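The values are calculated or read from the model by the stated rules, or taken from the named source; none is laboratory data. Since this is a predicted model, take the numbers as computed values, not measurements. Positions of Cβ are generated from backbone atoms using ideal geometry, with glycine treated the same way; all protein chains shown enter the neighbour counts. Calculation scope for accessible area: heavy atoms of the full protein, side chains included, ligands and nucleic acids excluded. Shrake-Rupley method; radii C 1.70, N 1.55, O 1.52, S 1.80 Å.
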Amino acid sequence: MEIKDWNLWNNITFKTTNFIKNYDLVALNDNVITEHEGEIFEIRTHLNKPPFIVGEFGISVWNIKLALKLGIDINQLLKDHQAENVYDELRDAIKNEIGIHMYSKVILIQNFILHPNYRKHGITEEFIEFVYRGFYDDNNIIIALVKPLQDNPIDIDFFLNQKHVEVRRVVKNYHDVDVVPAKEYYSIEDLFKKTDREINEYKLFALANKCGFNRIGDSHLFTFNPERILQRIREKREVQQKNNGLI
């Protein structure tokens, strides 16, 4: 296996902040949902430079097993969150395609964005491997919302009008940062130049398939099958062992 971006992958790390509630916050029974907000960094200590923010992601974990023990109506909980695209589509998928009640947890990848310099370098695959390592279980199901950012009104408003990125200038001083609007950092406005919706979706769907995801009906939701990522992990291990003279 030839890996052209091996040195980059070797310096990629994931930082996640979890938001866990023991009491309801916004909607009734939403304390069975754990939100994960994460950032992807390229570590550059070998260059004596601070970590560079490669991208960001959001993951929601629904504890279905606990919800059923407490007698919580999952459909109603989804309805309470239907303003968000992933939940509205998930309600339809539950009716027609999948039975989430058979799983202990549902892991929803809600959003994922990369800096333009890091696209087409296998970072998406690295991210899915991170999700697999941290969240996958035979009793869990991983579902991704695969939709162009410009077609997601909630996310596009957040990244265009609210979100800023703090870029560290030097290694030793955490407070020496540039605050950059996310729309500039991630070149959000360039996405609006890609007006062919069908092509935009096709590219994302193809990438999702490459990462082991299968589309649910005609929705923008994809379920994860671990075989491709497992094969990728095995191939990477083999390359690493060869590089270290172990095989």
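Which one of 80, 176 is touching a Leu at 6+ places or on another chain (Cβ under 8 Å) and farther than 27 Å from residue 201 by Cα? Step through it out loud before you land on a result.
Working: 176 fails: touching a Leu at 6+ places or on another chain (Cβ under 8 Å).
80 is the lone residue from the list that is touching a Leu at 6+ places or on another chain (Cβ under 8 Å) and farther than 27 Å from residue 201 by Cα.
In the stretch 205-229, of all residues being part of a helix (DSSP H, G or I), of a type in the set (A, V, I, L, M, F, W, C) and in contact with a helix residue (DSSP H, G or I) (Cβ under 8 Å, 6 or more places away or on another chain), the one that is surrounded by the fewest Cβ atoms within 10 Å (Cβ to Cβ) corresponds to 207. Close contacts from the stretch 146-171, counting a first residue that is without any contact (Cβ under 8 Å) to a residue 24 or more places away in the chain and a second that is of a type outside the set (A, V, I, L, M, F, W, C), with Cβ to Cβ under 7 Å and a gap of 6+ residues or different chains, come to 164/181. Taken over the stretch 87-122, residues that are open to solvent by 60 Å² or more (accessible area, probe 1.4 Å) and outside any loop (DSSP other than H, G, I, E, B) amount to 9.
Per the listing 171, 180, the residue uniquely surrounded by fewer than 19 Cβ atoms within 10 Å (Cβ to Cβ) and touching a Ser or Thr at 6+ places or on another chain (Cβ under 9 Å) is 171.
Among the residues of the stretch 57-71, how many are under 17 Å from residue 90 (Cα atoms) and open to solvent by 20 Å² or more (accessible area, probe 1.4 Å)? Working first, answer last.
The first filter runs over the stretch 57-71 and keeps only residues under 17 Å from residue 90 (Cα atoms), leaving 58-64, 67.
Filter once more, keeping what is open to solvent by 20 Å² or more (accessible area, probe 1.4 Å): 63.
Adding up the residues that qualify gives 1.
May I ask you to verify whether residue 19 is in contact with a Ser or Thr (Cβ under 8 Å, 6 or more places away or on another chain) and open to solvent by 70 Å² or more (accessible area, probe 1.4 Å)?
On the way: in contact with a Ser or Thr (Cβ under 8 Å, 6 or more places away or on another chain): yes; open to solvent by 70 Å² or more (accessible area, probe 1.4 Å): yes.
Yes.
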